[in-house]
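Trainee: Dropping the structure in here first, questions after.
Just so it is clear, none of the values below were taken in a lab; they were calculated from the coordinates. Fair warning: this is a prediction, and the values are worked out from it, not measured in the lab. Cβ atoms come from the backbone with ideal geometry, glycine included; neighbour counts cover every protein chain shown.
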Amino acid sequence: MSSVAHLPQDPLPIGPRPAPRALGGHFTAWLRANLFASIPSSIMTLLLLFVLGKACIAFWQWGIANAVWIVSGNDTSACRALRGAGACWAVVPEKYRFILFGTYPFDEQWRPALAVVIFIALFAVSSRRSFWRKELFLLWAAALAVIGCLMWGGFLGLSFVTQDRWGGLPVTLILATFGLAFGFPLGILVALGRRSKLPAIRSLCVLYVELIRGVPLISLLFMASVMFPLFMPDGVNIDKLLRAQIAFILYAGAYLAEVVRGGLQAVPRGQYEAADALGLSYWEKHALIVLPQAIRHVIPPLVNTFIAFFKDTSLVLIIGIFDLLTTAKTAIVDPAWQSFSVEVYVFVGVIYFMFCFAMSRYSRSLEAQRTHN
Amino acid sequence: MTTSTPKRPPARPWRLSLSDPRVAGLFWQILVVGIAVAVVAFLWSNAVHNLSVRRISTGFAFLGREAGMPIADSWIDYTPKNTYLRAFIVGIVNTLRVAVIGIVLATVIGTLVGIARLSSNWLLARLAAVYVEVLRDLPLLLQLLFWYVLMQGLPAARQAWKPVEGVYLSNRGLILPSVPLSEANWWTILAVIAGLIVFHFVRRRLIAQQMLDGRARPAWPYALGLVVALPALVSWLAGASWSITLPELRGFNFVGGLTLAPEYFALLIALVTYTSAFIAEIVRSGIQAVPRGQSEAAKALGLKRGFVLQHIVLPQALRVIIPPMTSQYLNLTKNSSLAVAVGYQDIVSVANTTLNQTGQAIESIALIMMVFLTISLGISLFMNWYNARIALVER
């Protein structure tokens, strides 16, 4: 240190050099760097601009300029007169109640609407880091119970609505969320079983996970819809929606087990050994020490798995359960509206996209936080 | 010998108590296996009872009966008079046909989009990002129905779109020019494959020799001889003709050429675009996982851009890319079962029709599962072999 003090001071400190001046203004500099950096890049930019421009003009003409926004009643002659040159958005105000809520009694549709709001609130609350505590599980149980009560009714003057009249967005959300809520504990048990030292339990869990992950979801749904009744004793009749829900839970359990297993592997060995040294039992060790760390670790992949479930619920269309996609497809069976399926698919596509995009944004922000830390 | 082998402590005697970990382990295993066996036995006895009430005989004997099921789009000979077994085989071929071509196309498009996302051209990178985001966040079934509706909205065969001579797009599907393959053509194709395999070994040998003395030996004369000259000779000897047949409109439909039915085409587009969005993300993260220093060091050595990508960056990126890519290939294959929603007769669709015709639910679903488990196993084994081949050999 002392030797530094003896060094003579620099008589003329050289100030920082000015930044190199960009050619043209700020905007042209950006253009040069990002769009016209080289000749091939410039050609690519012009080509893409041309294609993009054409696509935008075509969409503008079809979707906005020539589109029919409203018609009176079922008189779709104005839409038909366009012969495909413009969109018939009038189908959306005409059919949106059916697409969103299916055949739920029309006057009672505030109930499924409220259920959707509770679902969204539940997701919003669960996404806050400050709520990642044990109480969150109680909150989920309470919210799901409230949603069940709202949908079924039969008390406090609410009329009873059977499951076969449920439909649309609430069914999609129910299948995905209940699948996660019940599949998650199942997944934890199976993940623990797969890492267990007991060979019989381990092989059962491996068999379950690999069997479910090796076959398409459709075959599980077929199993639920046609094979399941064969396996039940006489007189036991389980509703179709519930059977599909069970298939979803089993499906979710296998995929979530692999996610949780990843988290268990990420917990350092020392944590397990320290818990053993304290004399904790197997269940105490996992409930108090290992799982809280493991689950925090797998929250981003958990969100991604949930996005996949949310999209996969649309497969129930094939076994005839009225989720959001099935109601959309049914809405255009009406002869007057038959030829406007593209418009309806765009409408439900926007709904699906909003949910999935919000969740995938969230999952990426979690990942970014983790790499930042 | 100064050190003596340590004596193992004597095994503790078993205590008949749950606090003995060995006894506890045995107890839990017996309990869990017992519950599993009991549940299966309960379900099975119910199934046997229900089947006897409904007079459905179990077993696979129904496979020998006449199917009576029309299958429009098949690559192997099939009529409704054939057996269920043959219908199932047609279904399996149809599944493989869409899965294999889908995997190849999805890999090519996904890789291009993944590289485009890393482009220095802002517009290209943005568009690739939008492509990935939109396709990933919509259910595949919705996309499939969307493509199928668009396909049905295409003009009739008489007003078919003709982007290039010999290519027609109409509500009958996509019709392409084809080369009718006779036996002689097949011999030539076989010769190309054999030539490629021999060339692969020749090239390995040339590289091994270069390792010994450092002299580079050109491989192109061998490539020319084995992959071009040899098949040409076979083609000439066997008398193969390579004339292209252009499809022609006769009446209301096309004659000649290769037809991709609208169901198949819609399914293929949906599977390829959806999976390519996931593959693009895998390729992007794989390339980003290669440290910058690697390509900078290669450039400092004076290597050319293409050489750096081919020999430095991609081999390292592949190690990160292959495992998630395997699961995307498996997903595409499993997702091809959505064919049933648009009426393309893959294995699931054939099994579903069989199930409705015969009531053999358990057997039909078991067949679907067996087929997919076998395909999954096959893809996993191949990709694991490939992964082991390209894995980093550590000292």
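Trainee: Which entries in A:K134/A:K285; B:K81/B:K162; A:K311/B:K81; A:K54/A:K329 show an alpha-carbon gap greater than 28 Å?
Mentor: Violating the 28 Å Cα-Cα cut-off are B:K81/B:K162; A:K311/B:K81; A:K54/A:K329.
Trainee: Using R₀ = 56 Å, calculate the FRET efficiency as 1/(1 + (r/R₀)^6) where r is the Cβ-Cβ separation of B:L373 and A:A19; round to 0.05.
Mentor: 0.35
Trainee: Classify segment A:89-129 as rounded, prolate or oblate from the Cα gyration tensor: take a ≥ b ≥ c as the square roots of its eigenvalues, call it rounded if a/c is under 1.5, otherwise prolate when a/b beats b/c and oblate if not.
Mentor: Taking the square roots of the gyration eigenvalues as a ≥ b ≥ c, segment A:89-129 is oblate.
Trainee: So between B:E66 and B:V100, what do we pick up on full extension, going 0.36 nm a residue minus the alpha carbon distance?
Mentor: Residue separation times 0.36 nm, minus the Cα-Cα distance, leaves 9.3 nm.
Trainee: If you don't mind, there's one more thing I want to ask. Quick check for you: which residues of segment A:134-170 have the amide N under 15 Å from the point 7 Å beyond the Cα of A:L114 toward its beta carbon?
Mentor: A:143-161
Trainee: I need the shape label for chain A. Rule: rounded when a/c is under 1.5, else prolate if a/b > b/c, else oblate, with a, b, c from the alpha carbon gyration tensor.
Mentor: oblate
Trainee: Say the dipole of chain B comes from +1 at the beta carbon of Lys and Arg and -1 at that of Asp and Glu; which of B:T374, B:A11, B:G68 then lies farthest toward its positive end?
Mentor: In chain B, that residue is B:A11.
Trainee: Follow-up question, since we're still on this one. Around B:L373, under 14 Å between beta carbons, what's the net of Lys plus Arg minus Asp minus Glu among the other residues?
Mentor: Taking every Cβ under 14 Å from that of B:L373, the sum is +1.
Trainee: Using a Förster distance of 56 angstrom, determine the FRET efficiency expected from the C-beta separation of A:R80 and B:L181, and round it to 0.05.
Mentor: With R0 = 56 Å, the Cβ-Cβ based efficiency is 0.75.
Trainee: Of A:T305, A:T326, A:T28, which is the most mobile in a GNM of chain A whose springs link Cα atoms less than 10 angstrom apart?
Mentor: Highest fluctuation among the options: A:T28.
Trainee: For B:W220, project a label point 7 Å along Cα to C-beta. Then give me every residue of segment B:286-307 with its amide nitrogen under 18 Å of that point.
Mentor: B:304, B:306-307
Trainee: Going through the DSSP H helices of chain B, which span 24 Å or more along their own axis at the Cα atoms while scoring at least 1.0 as a mean Kyte-Doolittle hydropathy?
Mentor: Sorted by number, the helices that extend far enough and score high enough are B:21-53, B:84-117, B:262-289, B:361-390.
Trainee: List the longest stretch of chain B that has no exposed loop site; here a site is one of the GluC sites (Glu not before Pro) assigned by DSSP to anything other than H, G, I, E or B, with at most 10 other Cβ within 10 Å.
Mentor: Answer from the scan: B:166-393.
Trainee: Further question: For chain B, what are Rg and Dmax over the alpha carbons, in angstrom?
Mentor: Rg then Dmax for chain B, in Å: 28.5, 98.
Trainee: Okay, next question. Where Lys and Arg each count +1 and Asp and Glu each count -1, what net charge lies around A:F340 among other residues with Cβ under 11 Å from its Cβ?
Mentor: Within the 11 Å Cβ shell, the charges total -1.
Trainee: Related question: Could you run the Karplus curve 6.51 cos²θ - 1.76 cosθ + 1.60 with θ = phi - 60° over segment A:203-212 and give me ³J(HN,Hα) per residue in whole Hz, x for Gly and Pro?
Mentor: 5, 4, 5, 4, 4, 4, 5, 5, 5, 5
Trainee: Another question, if that's okay. Treating each Cα of segment B:198-321 as an identical point scatterer and ignoring solvent, apply the Debye formula and state log10 I(q)/I(0) at q = 0.17, 0.22 Å⁻¹.
Mentor: Listed by q, the Debye log ratios stand at -1.04, -1.16.
Trainee: Binning at 5 angstrom from zero up to the longest distance, how are the C-alpha pair distances of segment B:181-241 distributed in percent?
Mentor: Binned Cα distances yield the sequence 4, 20, 22, 17, 14, 9, 7, 4, 3, 0.
Trainee: For A:V209, B:V93, which order do you get if you count the other beta carbons within 10 Å of each Cβ and list the fewest first?
Mentor: In order of increasing Cβ crowding within 10 Å: B:V93, A:V209.
Trainee: While we're here: Provide the three semi-axes, in whole Å and in decreasing order, of the ellipsoid equivalent to segment A:316-373 as defined by the square roots of 5 times the Cα gyration tensor eigenvalues.
Mentor: Taking √(5λ) for each eigenvalue gives 36, 13, 5 Å, largest first.
Trainee: In addition: If a/c stays under 1.5 just call it rounded; otherwise compare a/b with b/c (prolate if a/b is bigger, oblate if not). Do that for segment A:28-81, with a ≥ b ≥ c from the square roots of the Cα gyration tensor eigenvalues.
Mentor: The shape class here is prolate.
Trainee: Starting from the amide H of B:S178, placed 1.01 Å from N in the peptide plane, find each other amide H under 5 Å away whose residue is 5 or more places distant or on another chain.
Mentor: Under 5 Å from the amide H of B:S178 lie the amide H atoms of B:T245, B:G257, B:L258, each far enough along the sequence or on another chain.
Trainee: Pick from B:I35, B:I101, B:I322 the residue whose mean-square fluctuation is largest in a GNM of chain B, springs joining Cα atoms under 10 Å.
Mentor: Highest fluctuation of the listed residues: B:I35.
Trainee: Of B:L43, B:L309, B:L176, which is the most mobile in a GNM of chain B whose springs link Cα atoms less than 10 angstrom apart?
Mentor: In this elastic network of chain B, the residue with the biggest mean-square fluctuation among B:L43, B:L309, B:L176 is B:L43.
Trainee: Here's something else I'd like to know. What FRET efficiency, computed as 1/(1 + (r/R0)^6) with R0 = 25 Å and r the Cβ-Cβ distance, is obtained for B:W122 and B:V167, rounded to the nearest 0.05?
Mentor: Step by step, r from the Cβ atoms, then E = 0.15.
Trainee: How much length is gained if the chain between A:Q338 and A:R370 is pulled fully straight, taking 0.36 nm per residue apart and subtracting their Cα-Cα distance, in nm to one decimal?
Mentor: Gain in length upon complete extension: 6.6 nm.
Trainee: In nm, to one decimal, how far is the modelled label at B:E296 from the one at B:W236, with both set 7 Å along Cα→Cβ?
Mentor: 5.6
Trainee: Rank the residues A:D323, B:D20 as a footprinting-exposure proxy: fewest other Cβ atoms within 10 Å of their Cβ go first.
Mentor: Least to most surrounded, the residues fall as B:D20, A:D323.
Trainee: Sorted from largest to smallest, which semi-axis lengths in Å does the alpha carbon gyration tensor of the protein assembly as shown give for its equivalent ellipsoid, taking the root of 5 times each eigenvalue?
Mentor: 43, 42, 35
Trainee: Run the simple label-point estimate for B:W75 and B:A289 please: 7 Å along Cα→C-beta, distance reported in nm.
Mentor: In this crude spin-label approximation the distance works out to 3.2 nm.
Trainee: How would B:I368, A:I70, A:I212, A:I188 line up from fewest to most surrounding beta-carbon atoms within 10 angstrom?
Mentor: Going from least to most buried by this count: A:I70, A:I212, A:I188, B:I368.
Trainee: Unpartnered cysteines of chain A (Cβ-Cβ under 4.7 Å counts as a partner)?
Mentor: A:C56, A:C149, A:C205, A:C356
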